[in-house]
Structure formats: C-alpha cells, structure tokens
Amino acid sequence: MGAPGPAARRRTGGHRYDPDIDDVVQAELAAEAAAAADREAAVREAQRIAARADELQALRELHALEQTEPRDGDEAARDELTRRAGGYVQADVDA
C-alpha cells in the first residue's frame, strides 16, 4: 500500500491519520466497551439467578425451603424456577 501520496497529505494537513486521536473512533470504541461490559454484567446476573434457583431447588428437595430466609433478587430466582417448570407456579417456592 505504501505511504500516502501528496494529495492525501494535503487533505490531512501533512499529518498521518491517527485513530488514537480521532474522536469518532474513540467514541465508537468507548460505546463498544460499554456494550461489552453491559453484556458481561447481564451474563453474571443470569448466572447468579440460576445459582440461587439451584440452591432453592435443593432446599426444596430437602424439605427445608420454608426455613430459608429470603434474599434480594429471590423474585428473579422464583421466576427462573417457574420457567424451568414450564410456567407452573410452584406454591412452596412462591410462598
């Protein structure tokens, strides 16, 4: 490809293009990084919900579910258990 010709140097004021200082490129990179962080956070949250649902299911099988203290986010775990049961709302979990 080679170095830019004289016309390209005139368009850029004699300077080479540097994506590290291009505001548009940097904004796109920042948006991509933020989207990736959001996806990672969503995956971690889904894993946390699934783990709590597994824990509640194990407690249920041990007949110890009613002795369990509720935690923040248990509604999402309950919804996950309902989803796993094909939409059937499980009364002992719902309580």
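How would you order 28-37, 44-53, 74-83 from highest to lowest mean count of nearby Cβ atoms within 10 Å?
The peptides rank, most packed first, as 74-83, 44-53, 28-37.
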Query raised in the report: Between 25, 56, 43, whose Cα lies farthest towards the positive end of the dipole of region 12-58 when Lys and Arg beta carbons carry +1 and Asp and Glu beta carbons carry -1, centred on the Cα centre?
Result: 56
**Report entry** At R0 = 30 Å, FRET efficiency that the Cβ-Cβ distance of residue 25 and residue 47 yields, to 0.05
**Finding:** 0.35
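Just so you know, all these numbers are worked out from the coordinates, no wet-lab data involved. None of these values were measured; they are calculated from a predicted model. When we count neighbours, we look across all protein chains shown, and the Cβ atoms used for this are built from the backbone with ideal geometry, even at glycine.
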